[in-house]
1. If I filter region 123-133 for residues that are within 31 Å of the chain's Cα centre (by Cα), touching a residue at least 12 places away in the same chain (Cβ under 8 Å), crowded, with 19+ Cβ neighbours inside 10 Å and closer than 18 Å to Thr205 by Cα, do I get at least one hit?
2. Scan the helices (runs of 4 or more DSSP H) fully inside region 1-78 and keep the ones with 3 or more residues being at pLDDT 70 or above and closer than 30 Å to Arg139 by Cα.
3. I'm trying to understand the selection: among the residues of region 119-160, which are closer than 16 Å to Val98 by Cβ and either among the hydrophobic types (A, V, I, L, M, F, W, C) or outside any strand (DSSP E or B) (or both)?
4. Pull up region 79-118, narrow it to residues that are of a type in the set (Gly, Ala, Ser) and outside any strand (DSSP E or B), then point me to the one that is nearest to the chain's Cα centre (by Cα).
5. Which of the residues belonging to region 182-200 are more than 16 Å from Leu73 (Cα to Cα), loosely packed, with under 15 Cβ neighbours inside 10 Å and not small (Gly, Ala, Ser)?
6. Could you count how many residues in region 104-136 are among the β-branched types (Val, Ile, Thr) and touching a helix residue (DSSP H, G or I) at 6+ places or on another chain (Cβ under 6 Å)?
7. For region 194-210, give me each residue that is part of a helix (DSSP H, G or I), farther than 16 Å from Leu85 by Cβ and either touching a residue at least 12 places away in the same chain (Cβ under 8 Å) or not basic (Lys, Arg) (or both).
8. For residues in region 201-229 being β-branched (Val, Ile, Thr) and at pLDDT 90 or above, which is surrounded by the fewest Cβ atoms within 10 Å (Cβ to Cβ)?
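The values are calculated or read from the model by the stated rules, or taken from the named source; none is laboratory data. In this text, all values refer to a predicted model and were calculated from it rather than measured experimentally. Virtual Cβ from ideal backbone geometry, glycine too; neighbours counted across all protein chains shown.
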Amino acid sequence: MTDRRYSEEEVAAIFERATEAQQSARRHLAAGEGMSLADLQEIGRDVGIPTDLVTQAAKALDQGGRPASRSFLGFPIGVGRTIELERRLTDEEWEHLVVDLRETFDARGRMSSQGSLRQWTNGNLQALLEPTPSGHRLRLRTVGGNAIALMSVGLAFMGMSAALLIVGLISGELGPTLGGVGGVAFLGLGTFALGALRLPTWARTRQRQMDGVAARLALTASGGGSEGS
């Protein structure tokens with residue numbers, strides 16, 4: 001018995017129906033306000049994933065913290081994430097975390113400690129590990145320093161052009177200064193745009209990287225281990 005061959009039209013129809021079914025399932029999930037852990041465990045059993053692994057992954061997701069952001073004139077200039085851990089990381093786990101940070105952000109950075117506080121920094125990118133009554137808290141944060149500098153310079157140039165325009169209007173010599181005012185304003189706008197337009201992509205990339213670090217760290221912490229010194 002040979003496998004049936006589908007024509008191009010039939011292939012297109014099959015994938016169209018599959019896509020419609022997937023979208024319908026997503027709408028149903030949204031209307032039902034998500035799935036419970038028991039639902040996820042049942043799905044895991046159907047596809048051969050042990051229940052305890054599903055539970056562990058869900059717990060790691062809950063411990064992954066929530067993202068934070070800072071904005072300026074509607075542009076994201078800073079991103080961060082705070083992860084609450086139910087136990088303290090060991091010295092070895094902290095070192096593994098630093099390795100993960102270096103690989104994720106492609107930056108060597110610098111480690112430092114002060115009492116029970118531990119920190120890894122690379123320019124504006126910071127990871128601070130601090131003790132809590134129940135474990136450790138990791139704060140990840142960064143700001144787009146270069147973009148902020150360009151935006152600030154751009155705003156300064158545009159402010160300068162506005163000041164020149166006012167001076168020209170008051171002195172009655174707007175005509176001779178109009179060309180210079182336009183040049184300064186154009187320079188300011190271009191400099192501002194150069195910094196601002198790169199921020200959304202930068203912020204998404206940094207947030208995605210922090211999400212990955214948080215997820216891996218939560219899995220490590222939920223796996224047990226002795227407390228660090």
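1. Yes, some residue in region 123-133 is within 31 Å of the chain's Cα centre (by Cα), touching a residue at least 12 places away in the same chain (Cβ under 8 Å), crowded, with 19+ Cβ neighbours inside 10 Å and closer than 18 Å to Thr205 by Cα.
2. The qualifying helices (runs of 4 or more DSSP H) are 51-63.
3. Trp120, Gly123, Leu125, Ala127, Leu128, Leu129, Leu138, Leu140
4. Across region 79-118, the extreme among qualifying residues is Ala107.
5. Selection gives Phe186 alone.
6. 1
7. Leu194, Gly195, Ala196, Leu199, Pro200, Thr201, Trp202, Ala203, Thr205, Arg206, Gln207, Gln209
8. Thr201
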